[in-house]
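The values are calculated or read from the model by the stated rules, or taken from the named source; none is laboratory data. All figures in this text were calculated on a predicted structure; none of them were measured in a lab. Every residue, glycine as well, gets a Cβ built from its backbone with ideal geometry; the counts of neighbours run over all protein chains shown. These accessible areas exclude ligands, DNA and RNA; they are computed on the full protein's heavy atoms, side chains included. Shrake-Rupley method; radii C 1.70, N 1.55, O 1.52, S 1.80 Å.
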Amino acid sequence: MEEIYKPKNTKIISVKDALLEYQSELLPAGLTTVPTSEGDIPAAMSFNGSEHQFNELLQSVDLDRNLSSIKDFRITNFHPARLQNVMKPVEITEKALRFNCVQNAIKITGRLRKNLDCRIRYNKHKYTFIPRREETDLYPFSEIVLEIRFYEPFKYKTGVRLGHPKFHQEFYVLGSQTLTELRDKIYCQCDLGPFYDISANPHAAEEAEPKSADAADPGFFFIHDTFYNDMRNPANMDYSEVIQTWAKRQKSIGELKTKLMEEAKFEDLQFRLGYPQVYQHHGNCEHIFVISNCRLLASSDLLVRRRYPILNSYAFPRSIPCNICGHCEANFIVKNSDQHIFDPAYVCQVCYESYHYRDGVKIGRFEAFRFLGTKIAVKDDDVEMDVRL
């Protein structure tokens, strides 16, 4: 595949080798393990004094204690999810009061306010915050952390770009975790399907039955040159089989491998940072994703293993207005219609029933599907979602 989409980053990273390399760089001469707590420091220093003497030594080299001043500015840890917008009233001059727009704004809100947003603004990103109430069971520098960014599916035809990838979710995963642990945390609207044509019955969306837990849920990650198929359910099919059959007929595509997703760990992967990989499920629902960072677990990270993979950030949900009235949020997708100028068309409940049915009977030719919006459903009860922009 890299013969077709030329990589800008030529270095291939092996996660397991990177962990050993990073840890060896942290090890001073003569040590076999990295100190993970203050109790490990005396042994690493070959310090033979008492505990009291060691505490005095720590205080003597404490920068906050010895180099601080009452005139210093207070420094707080930055986390986008914990900062709030500061809304302050704006003084209104007599000259400004003569404008109708200012008068209307005062009638609606009672006062003019200026948004003084003190946080770094990323393009429609929101962040999660996990309260650190649990006892830690991980140690700094003991694991590799991968930062993985997923993008929404987009339309594409060979040689013609009909859309562009839009950021969807970002996860932090540990090197010792399997790929299925990440897949179970990924949210996609297709997971709430399957979606069928409900144009024959306008109320079919309300009567839809939830998907069975035993239903087939095939999918794969394609990373570097390997398909990782999810075969935990015996009913799952191998999505990569037809792709490999096609690839064997192409001269520009090299050998492609296949492995089980449930057996592969992130520490066994090889990849290029920033190079697009593919997650495919539910037939043709394809998500581009990139591994944007590969680093050691730090003391500032959440040191609770069961919380990983962690949803770090996600795209701000977008409400799509009805293509007919333009006021209500869309609830249906209408395709192949002989009455719409858009294909597909997004319509709300009221417009869908009034425009496409007469006395409950379908008018014209079209296909209709449920539309559930772009909201994210987090699969962790203890994650706090930041809803402020």
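The table for this structure:
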read-out	value
Accessible surface ranking that places the most exposed of L97, L269 first, with a 1.4 angstrom probe	L97, L269
Solvent accessible area, Å² - R295, 1.4 Å probe, full protein context	50
Sorted peptide list for 256-265, 16-25, 48-57, criterion being average Cβ within 10 angstrom, highest first	256-265, 16-25, 48-57
Protein-only accessible surface order, largest first, of I70, I186 at 1.4 Å	I70, I186
Accessible surface, 1.4 Å probe, highest first, among residues R133, R306	R133, R306
Positive-pole candidate from F289, S300, Y279, dipole of the range 267-309, charges at beta carbon	S300
Spacing of the two label points (7 Å from each Cα toward its C-beta) at Q270 and I70, in nm	6.2
